[in-house]
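**Q** Please read through the structure below; I'll follow up with questions.
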């Protein structure tokens, strides 16, 4: 395990040390007081008694997550939980909407079904404060190094692949990783082939499908009625459309995290699909690059098939395609259009840039319809 020390989460015997370091950080203490308010001292005493990562998640993470759900989610559903193989560790791969909540809610769906929580892949660009790295490592997160030279990136990718394989095969841990680096700003969820190839790097065979079978890859389809960061995403899309370079600072990452946590998300659904092992076993392609595209498509198919659509998606699709494909009341149309415009105005855009927010909500519908057309379902 020593070779993974630079990226791995804390282990049970490191919990006390990690929390002792965290509680010295003034900003972290301020966060605790914000969430726990008058119960702050009570929770600190409880945290001093914890000895394992699982206890930390139940005592500390779960109440905070429940507070976020209560204040920003009107309805939360987990579907397809019968597809989770509780006796076999899985690599959960999902589309990516929210920096913090995507893996947190994947975890909650597992926890509510008495399944161990996941280890979480998190990019080092999000570790904008030293205490954040301490905190996420206490919450079963392992680090994906991104700001590297090509040579360093190759070595880092191999190490990451080895760590994921070791965790699933040897340690029997569930893992979560997003289907791509960063969130899909335009809602067009596509699994990156580079991710598939990275996962296969640590295998003992060049046959990618065989190399990935031990991961028990299980796609997760994530649907939010409202994305609190949709305005920021529209601004990034519009800036790039103009041919300008969009530079995101660490402060921007922090702002996105906070907005995603606090902002209204409305109805939310997480769907757990069956593992794709059966489809991997049917794949007879021999070219590894071809295989990576096919395997990425398998994951995409499950994500597209199991979206849950809300009025935001339906109205965005109708407006974007100038059709009445989905029947929605006029009052709801006006409400959602006002929402879209307000989100644009909040970042300095206006109705002339409506496209850049519509596409975020319409693309999941477009991908779902294309999937149905391809499969005749």
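The values are calculated or read from the model by the stated rules, or taken from the named source; none is laboratory data. Computed from a predicted structure; not experimentally measured. Glycine gets a Cβ as well: all are built from the backbone with ideal geometry, and neighbour counts include every protein chain shown.
**Q** Check whether at least one residue in segment 269-278 is more than 22 Å from residue 108 (Cα to Cα), free of Cβ contacts under 8 Å to residues at least 40 places away in the same chain and in the same structural domain as residue 99 (by TED's automatic domain parsing), and report yes or no.
**A** So far as segment 269-278 goes, yes, one or more of its residues are more than 22 Å from residue 108 (Cα to Cα), free of Cβ contacts under 8 Å to residues at least 40 places away in the same chain and in the same structural domain as residue 99 (by TED's automatic domain parsing).
**Q** Would you confirm whether any residue within segment 245-256 is in contact (Cβ under 8 Å) with a residue 60 or more places away in the chain and under 15 Å from the mean Cα position of the chain (by Cα)?
**A** Looking through segment 245-256, at least one residue is in contact (Cβ under 8 Å) with a residue 60 or more places away in the chain and under 15 Å from the mean Cα position of the chain (by Cα).
**Q** Filter segment 55-84 down to the residues that are surrounded by 15 or more Cβ atoms within 10 Å (Cβ to Cβ), more than 18 Å from residue 37 (Cα to Cα) and more than 20 Å from the chain's Cα centre (by Cα) and list them by number.
**A** Once the filter is applied, which keeps residues that are surrounded by 15 or more Cβ atoms within 10 Å (Cβ to Cβ), more than 18 Å from residue 37 (Cα to Cα) and more than 20 Å from the chain's Cα centre (by Cα), segment 55-84 yields 55, 56.
Yes or no, residue by residue, for (1) out of contact with any helix residue (DSSP H, G or I) (no Cβ under 9 Å at 6 or more places or on another chain); (2) more than 21 Å from residue 232 (Cα to Cα); (3) touching a residue at least 24 places away in the same chain (Cβ under 8 Å):
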position: 305; (1), (2), (3): no, yes, yes
position: 316; (1), (2), (3): no, no, yes
position: 320; (1), (2), (3): no, no, yes
position: 327; (1), (2), (3): no, yes, no
position: 332; (1), (2), (3): no, yes, no
position: 337; (1), (2), (3): no, no, no
position: 341; (1), (2), (3): no, no, no
position: 344; (1), (2), (3): no, no, yes
position: 347; (1), (2), (3): no, no, yes
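**Q** Enumerate the helices (runs of 4 or more DSSP H) found wholly within segment 35-75, keeping only those where 3 or more residues are modelled with pLDDT of 95 or more.
**A** Fully inside segment 35-75 and qualifying: 62-72.
The rows are residues; the columns are (1) in contact with a strand residue (DSSP E or B) (Cβ under 6 Å, 6 or more places away or on another chain); (2) outside the structural domain of residue 105 (by TED's automatic domain parsing).
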site	(1), (2)
157	no, no
162	no, no
176	yes, no
190	no, no
193	no, no
201	no, no
207	no, no
247	no, yes
258	no, yes
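**Q** Right, something else. For residues that are assigned to a loop (DSSP other than H, G, I, E, B) and crowded, with 18+ Cβ neighbours inside 10 Å, tally how many sit in segment 287-336.
**A** 4
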